[in-house]
Structures are given as C-alpha cells and as structure tokens.
1. I'm checking my understanding of the structure. Among residues of the stretch 52-70 that are in a loop (DSSP other than H, G, I, E, B) and closer than 18 Å to PHE33 by Cα, which one is nearest to the ligand (Cβ to nearest atom)?
2. Take ARG144 and tell me if it is among the charged types (D, E, K, R), free of Cβ contacts under 8 Å to residues at least 40 places away in the same chain and outside any loop (DSSP other than H, G, I, E, B).
3. Pick from the stretch 58-77 the residues that are aliphatic (A, V, I, L, M), crowded, with 20+ Cβ neighbours inside 10 Å and touching a residue at least 60 places away in the same chain (Cβ under 8 Å): which of them is farthest from THR147 (Cα to Cα)?
4. Just checking, does the stretch 42-51 include any residue being in a strand (DSSP E or B) and under 18 Å from VAL160 (Cβ atoms)?
5. Which of the residues that make up the stretch 134-171 are of a type in the set (D, E, K, R), under 17 Å from GLY119 (Cα atoms) and more than 16 Å from the chain's Cα centre (by Cα)?
6. Which residues, taken from the stretch 80-111, are more than 9 Å from the ligand (Cβ to nearest atom), in a loop (DSSP other than H, G, I, E, B) and within 21 Å of THR51 (Cβ to Cβ)?
7. Pairs, please: C-beta under 9 Å, at least 6 apart or cross-chain, first residue within 17 Å of LEU80 (Cα to Cα) and in the stretch 31-52, second in a helix (DSSP H, G or I) and of a type in the set (A, V, I, L, M, F, W, C)?
8. For SER44, state whether it is under 20 Å from VAL157 (Cα atoms) and more than 13 Å from the chain's Cα centre (by Cα).
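Bear in mind that the values in this text are calculations on the coordinates, not laboratory data. This one's a predicted model, so the numbers in the text were calculated from it and none came from an experiment. For neighbour counting, all protein chains shown are included, and Cβ atoms are generated from backbone atoms with ideal geometry for every residue, glycine included.
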Amino acid sequence: MDPGPARPEPHPEAIPAPFPAHLQAIGTAEAPFEVFLDVGDLPSGTLRRVTHGDRDILLAHTPAGILATDDRCPHMSAPLSIGELDGCIVACPLHEGRFDLSTGDPVQMPTTGGLDPDGVYHPTWTPGGRETKSDVPGTKAEARRLTRVRRLRYYPVRIVDGRVEVALGPG
Ligand code: FES
C-alpha cells in the first residue's frame, strides 16, 4: 500500500496547553475530536486559521502548548490568526487589543475604548508618545463605548500520531 507523502516531523514539545476550565466552549466536553492539521504545520510561536464549514478556528502554538479558540477577536471579530503572537499574548491586527491566550483575558484594551469582560468602561487607548484620539460624540462613539471585549472560549485539543485534533462541538 502506498503510504502517501511523508508528513512533517512533529515538534517534540507539541502538547495541548491547559486553559481555564470555565472558558471551555459549550458542548465540547463530549464532542468528538477531528483532525485539524499536522503538528509540523504549526511550529512553536505560530498562529493558523483552520476553517470547518462556517467556523474559523484559531490554532496557536504558545510556550504553554497548543490552544484552539475562535479566530475572532473578542472585541469586534477581526481574525486573530493574522495578528502577532508573542509568548502567550496575541495582538489583534485591527485595534491593537492584546489577549492572553493562557487566561482568555484582555491585557490591553483596544484603541476604541469600551467595556472589558466584567463590564468596566475603559477610555480610548493610545500608544505611548501619540496624541489621544478625539472621539466625536454620536452614535458611533456610543457604539464603541458600549462594545464589550469578551473572554476567549476554548476548544479541547489533543495530539494523536503527530496530528492536532480539536473537539469543536455543535457550535
Ligand atoms: S477587533 Fe480586535 S481589537 Fe478590535
């Protein structure tokens, strides 16, 4: 039998990362695992988007291990997979929000301001050395002020035969 093309060597350190139990996506505890990609296609320090039907999943290979969450920023849904990963912190490409993948919490609020996961208001964030952006009052400013940054939700991951498997659940 033809064994097919050789798969990339798995990274020896590839392990599923722990995540806060209360942030596990609903319906995934009993969900079947599905193969997403070869471990070799997710080197340490990288992000990948994997699409299943209408669901875009972010796989991140952090120093804590491999994590799976939605590829949607918890602020305004931009794809985190094209952001930057620094340790366990992913930076969103849209409004400079930064999120800790090991805890699911924002570590830097977006440049638009808004509500954090606990509903606490944070004013517009401006990078150091730049003038604070003025936010002209109106419906758009109100929408930004009322937009809540949520916590990430996680899908269980396991590594089997050098492949990353994820339990997606019903969605
Ligand atoms: S969409 Fe990510 S910080 Fe706004």
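1. Looking at residues that are in a loop (DSSP other than H, G, I, E, B) and closer than 18 Å to PHE33 by Cα, I get ASP54.
2. For ARG144, the condition - among the charged types (D, E, K, R), free of Cβ contacts under 8 Å to residues at least 40 places away in the same chain and outside any loop (DSSP other than H, G, I, E, B) - is met.
3. Filtering first and then ranking leaves ILE66.
4. yes
5. Passing the criteria: GLU142, ARG144, ARG145, ARG148.
6. The one that is more than 9 Å from the ligand (Cβ to nearest atom), in a loop (DSSP other than H, G, I, E, B) and within 21 Å of THR51 (Cβ to Cβ): LEU101.
7. That search, which allows pairs on different chains as well, returns LEU47/LEU80; LEU47/ILE82; ARG49/LEU80; ARG49/ILE82.
8. yes
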